[in-house]
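Report on the following structure.
The values are calculated or read from the model by the stated rules, or taken from the named source; none is laboratory data. From a predicted model like this one, the values you see are computed outputs, not experimental measurements. Cβ atoms come from the backbone with ideal geometry, glycine included; neighbour counts cover every protein chain shown. Accessible surface areas use protein heavy atoms only, side chains included; no ligands, DNA or RNA. Shrake-Rupley method; radii C 1.70, N 1.55, O 1.52, S 1.80 Å.
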Amino acid sequence: MGKKGYYGNFGGRFVPETLMPALYELEEVLKAAKKDTSFKRELHSYQREYIGRPTPLYYARNASEKLGFKLYLKREDLCHTGAHKILNALGQALLAKRMNKKRIIAETGAGQHGVACATAASLLALDCVIYMGEDDVKRQRINVMRMEMLGAKVQPVKSGTRTLKDAINEALRDWVTNVRTTHYVLGTVFGPYPYPELVKYFVSAIGREAKRQILKREGRLPDVVVACVGGGSNAMGIFLPFLKMKDVMLIGVEAGGEGISTNKHAARFQKGRIGIFQGSKSYVLQDEWGQILDTYSIAPGLDYASVGPEHSFLFESGRVQYTYAEDEEVIEAYLFLSREEGILPALESSHALAFLMKNRKEFKDKIVLVNLSGRGDKDLTTVLNRLKKDGA
Amino acid sequence: MALKEVFDTLKREGKKALIPYITGGDPTKEKTIEIMDFFAKEGADIIELGVPFSDPMADGPVIQRAMERAIKSKTTLFDILEIVRKFKKQAKIPVVLMGYMNPFFSYGFERLIYEAKESGVDGILCVDLPYEEAYPFWMCAKRGGLDFVCLVSPLTNRSRIARIKRYASGFIYFVSVTGVTGERESLPEDVKGMLIDTKNLTKLPVVLGFGISKAETIEEFFDFTDGFVIGSALVRRLEEVSFDVESKGFKDFFYALERACHKKR
């Protein structure tokens, strides 16, 4: 990291003055926690016994045979609550306790981060409010019910486009108002510094485990690591230990939606440009006047107008290749893994698989590692509706 | 007249600055000029003109609605400068642009400052730009001769104020509450002490904003500040009268604010 809070040209802290003291407080508490063995012990014991870590690295034999390369899946879908999101939520909830903040708030699109926060809040006896766009509340009814069951209050957001970015705006407004008593559990490696660093710290367990596991299994590093990129936390988690290993190809897959020539996608690196949004300087989908564009993805977790600043840095430096997969390919990948391996992948993670399926020839005989960031039960209705619509 | 002269004159006369806020292009560009003309004619000292942004995270529902209307009527930053240019042809009071970073950044700081100055803009205020990130924008404003208004909140400690004042010019905008813009019945009592502290730490005028919805609040805080920004309360009333500034309800409300700010003590 160069200038404070920056990854090259990206990052920073673009927030109203009222929030700056809270960002400093957060930076301090993270610094102290990282040095505190009792905090680390507590975190690791929760990771082991509550989340269920290390998650397995699974060799997908059937899929590998069909695809022509060795496919390994890092099984984050087996985490408690069904996605890697719980790592960050629980970590931040522990920090909230250290700061003596009794209330946490969060935003959620698909509901995975919301469920994770509600879970962490229930475990650590914190009050919890989850902001969710009204449209997402309708789309993700089961997750809303889960959050409420866990004791969280789900607050539907009616402003703007009624999706994730508006939920973030609302969460920021709540935070500005209640910053003395409330910690905002931001859900990905985005937002003002220190959030990208903080979230990265908590999700780094994914990559550390995966690297160890593949070395044990194959005796060498993988040739390729692929992950989907919404905000980018699961990708950052798994890329992290491989960033310095130049022989390992790293690929991030964004939401191509209905095609990047339509305006229904969330392909920030393909169609966006540098901007300043929700606290951070990064790639943003925006019009020529700097108004933020509506986005779309079949995977609600990827439906966001910007991306974590470190990803922008990795994009510009060329260390990570960013590409996209379209809805149709994603559904195909979802069905493929379900049938071949008995694993329903989240539509988000299916983007990574879809890219590999489409380009399978390029990876012939290689060792490929995919971060299967979450499970696909939550997406069943979406997939079924889609299949019905397509007449399948 | 520059911002400094306005505050100097008011100080001599024992008055406080009345600073109405509206969003440029809400509901149309023509209407904005009409409303600004009304403000200037009826005693506003400075106008704060909002630059519409799709995601105004520091604003409450009233101003968010205003920004949505402005975007719907296709108001761009270029149009905002055009509005100022037309307004300044007949009016002399200063205009401060208030907005969020992305439209400014997208336009290009240097271009923005140059064209803003040329249009007659006097100062610029960016809501999501703490001093830590301000340098490049501040340098452009300084070179271009535009005042750079900075925000201070109830959570800003003395050492931050000391740093903020290195960048600030024109005036310091004191945010009365932790929260977003919007009308409030009353403001916290301890704001008075914080205003005194802030005024002791800087030579610049200190202006109070956020949550001021009536003349009584102005009277209560009159002795502790150099001026008042009134946004949501005005915008909501403009909505109620379909942006007809000549309607009695709106005029009476504005006159009450004007009397409260300009009453000699």
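Please report the carbon-and-sulfur percent of the accessible area for segment B:150-213; probe 1.4 Å, protein heavy atoms only, DNA, RNA and ligands left out.
Exposed carbon and sulfur together represent 50 percent of the surface.
Using protein chains only (no ligands, no nucleic acids) and a 1.4 Å probe, work out which residues of segment B:136-165 have their accessible area cut by at least 30 Å² relative to the chain alone.
Residues meeting the cut-off: B:S153, B:L155, B:R160.
Straight-line reach from A:K102: which lysines fall under 20 Å, measuring Cα to Cα and dropping same-chain residues less than 8 apart?
A:K102 reaches A:K153.
Would you work out the relative contact order for segment A:336-392, in percent, from Cα pairs under 8 angstrom that are 6 or more residues apart? Working shown, then result.
On the way: 35 pairs, mean separation 23.9, N = 57.
Once divided by the residue count of segment A:336-392, the mean separation gives 42 percent.
What are the residues whose amide H is under 5 Å from the amide H of A:G12, where those residues sit 5 or more places off or on another chain and H is modelled from the backbone?
Residues meeting the amide H criterion: A:Y6, A:Y7, A:Y193, A:K281.
Please turn the phi angles of segment B:14-26 into ³J(HN,Hα) values with the Karplus equation 6.51 cos²θ - 1.76 cosθ + 1.60 (θ = phi - 60°), one per residue in order, whole Hz, x for glycine and proline.
x, 10, 10, 6, 9, 10, x, 10, 9, 8, x, x, 9
Express the carbon and sulfur contribution to the solvent-accessible surface of segment A:12-124 as a percent, rounded to the nearest whole number, probe 1.4 angstrom. Walk me through the numbers before you get to the answer.
Numbers: 1900 of 3810 Å².
Result for segment A:12-124: 50 percent of the exposed heavy-atom area is carbon or sulfur.
Tell me the relative contact order for chain A as a rounded percent, counting alpha carbon contacts under 8 Å between residues six or more apart.
RCO, chain A: 20 percent.
Quick one: dipole size for the protein assembly as shown, taken about the Cα centre, charges +1 on Lys/Arg Cβ and -1 on Asp/Glu Cβ, in debye to the nearest 20.
Dipole about the Cα centre, nearest 20: 1860 debye.
Evaluate the charge dipole of segment A:236-392 about its Cα centre and quote only its size in Debye, nearest 20, assuming +1 on the Cβ of each Lys and Arg and -1 on the Cβ of each Asp and Glu.
It works out to roughly 340 debye.
Taking 29 Å as the cut-off for C-alpha to C-alpha distance, list the pairs among A:K101/A:K271; B:K88/B:K142; A:K4/B:K142; B:K117/B:K248; A:K246/A:K358; B:K88/B:K251 that go past it. Mind dumping the intermediate values first?
Details: A:K101/A:K271 40 Å; B:K88/B:K142 21 Å; A:K4/B:K142 24 Å; B:K117/B:K248 35 Å; A:K246/A:K358 24 Å; B:K88/B:K251 22 Å.
The answer is A:K101/A:K271; B:K117/B:K248.
Using θ = phi - 60° and the Karplus curve 6.51 cos²θ - 1.76 cosθ + 1.60, what whole-Hz ³J(HN,Hα) does each residue of segment B:37-48 get, with Gly and Pro shown as x?
Values per residue, Gly and Pro as x: 4, 4, 4, 5, 5, 9, x, 5, 9, 9, 10, 9 Hz.
Using the Cα centre of segment A:180-325 as origin and beta-carbon charges of +1 (Lys, Arg) and -1 (Asp, Glu), tell me which of A:I274, A:N234, A:G257 is placed farthest towards the positive end of the dipole.
The residue sitting farthest along the positive end of the dipole is A:N234.
For chain A, with only Lys/Arg (+1) and Asp/Glu (-1) charged at the beta-carbon, what is the dipole magnitude about the Cα centre, in debye rounded to 20?
1220
Please list, in order along segment B:250-259, the HN-Hα scalar couplings obtained from phi with the Karplus expression 6.51 cos²θ - 1.76 cosθ + 1.60 (θ = phi - 60°), rounded to whole Hz, x for Gly and Pro.
Once θ is set to phi - 60°, the couplings for segment B:250-259 become 5, 4, 4, 4, 5, 4, 5, 5, 4, 4 Hz.
Taking amide H atoms as placed 1.01 Å from N in the peptide plane, list the residues 5 or more away in sequence, or in a different chain, whose amide H sits under 5 Å from that of A:G259.
A:D327
Per residue, how much accessible surface does the protein assembly as shown expose to a 1.4 Å probe? Answer in Å², no decimals.
37
Need one number: nm distance between label points at B:R163 and A:R273, each 7 Å from Cα along Cα→Cβ, rounded to one decimal.
The answer from the label model is 3.1 nm.
Pull up the DSSP beta bridges for chain A and report the antiparallel fraction as a percent, rounded to 5. Intermediate results must be reported in sequence, preceding the final value.
Numbers: 17 of 52 bridges.
Of those bridges, close to 35 percent are antiparallel.
What number, rounded to the nearest 500 deg cm²/dmol, is the helix-based mean residue ellipticity at 222 nm of the protein assembly as shown, given -39500 (n - 2.57) per DSSP H run of at least four residues and division by all its residues?
It lands at -14000 deg cm²/dmol.
Between rounded, prolate and oblate, where does chain B land on the alpha carbon gyration tensor, with a ≥ b ≥ c its root eigenvalues, rounded for a/c under 1.5, else prolate if a/b exceeds b/c?
In terms of gyration-tensor shape, rounded.
Once B and A are treated as a pair rather than alone, how much accessible area drops out, both sides summed, in Å² to 100, probe 1.4 Å?
The buried area between B and A, both sides summed, comes to about 3100 Å².
Let a ≥ b ≥ c be the square roots of the eigenvalues of the Cα gyration tensor of chain A; is it rounded (a/c under 1.5), or, if not, prolate (a/b larger than b/c) or oblate?
Details: a/c = 1.38, a/b = 1.25, b/c = 1.10.
Rounded shape, in that the Cα axes give a/c under 1.5.
Helix A:112-124 versus the longest principal axis of chain A: what is the Cα-based angle in degrees, 0 to 90, to the nearest 10?
So the helix axis and the longest Cα principal axis differ by about 50 degrees.
Positive end of the charge dipole of segment A:206-358 (Lys, Arg +1 and Asp, Glu -1 on Cβ, about the Cα centre): tell me which of A:S338, A:G318, A:L221 has its Cα farthest that way.
A:L221
Strictly over 24 Å apart at the Cα level, which of A:K138/B:K72; A:K70/A:K216; A:K364/A:K388 would you flag in this model?
Long pairs (Cα-Cα over 24 Å): A:K138/B:K72; A:K364/A:K388.
Given a cut-off of under 8 Å on Cα pairs at least six residues apart, what relative contact order in percent is computed for chain B?
22
Report, by chain and number, residues whose modeled amide H sits under 5 Å from the one on A:A110, excluding near sequence neighbours (fewer than 5 apart, same chain).
A:G301
Could you check what % of the DSSP bridge pairs in the protein assembly as shown are antiparallel, to the nearest 5?
Here the antiparallel bridges make up roughly 20 percent for the protein assembly as shown.
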